[in-house]
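Just so you know, all these numbers are worked out from the coordinates, no wet-lab data involved. What you see is a predicted model; the values in this text were computed from it and never measured. For neighbour counting, all protein chains shown are included, and Cβ atoms are generated from backbone atoms with ideal geometry for every residue, glycine included.
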Amino acid sequence: MITLDFTHSCCPIPLVQTKLHLKTTKVSDRFIIILSDPGSLSDVPKLIKKLGHEIILMDKTCNNDVVYQITVTV
């Protein structure tokens, strides 16, 4: 499974990169997005749903930073 790690990226980079990645996926593909930016955490899930894709899992993990892992199916 592909992982898009945007832990150290601020909006709009995760949003734009996620949108570009979605253009290359096939039906039933799954991938993971890792986010830590609050703006991205709001915008990326909205984009995924708006484009008709499904968020399978949204997990909050804490290492040194608060990080969210989103699993998406196309």
Only one of these is surrounded by fewer than 17 Cβ atoms within 10 Å (Cβ to Cβ) and of a type in the set (Ser, Thr, Tyr): 28, 40. Name it. 28
Tell me which residues, restricted to segment 9-53, are farther than 14 Å from residue 72 by Cα, of a type in the set (S, T, N, Q), touching a Phe, Trp or Tyr at 6+ places or on another chain (Cβ under 8 Å) and not in a helix (DSSP H, G or I). 36
What pairs can you find where one residue is in segment 26-48 and free of Cβ contacts under 8 Å to residues at least 40 places away in the same chain and on the phi < 0 side of the Ramachandran plot, the other is in a strand (DSSP E or B) and surrounded by 19 or more Cβ atoms within 10 Å (Cβ to Cβ), and their Cβ atoms are less than 6 Å apart, with a gap of 6+ or different chains? 33/70; 35/6; 35/68; 41/35; 41/68; 48/72
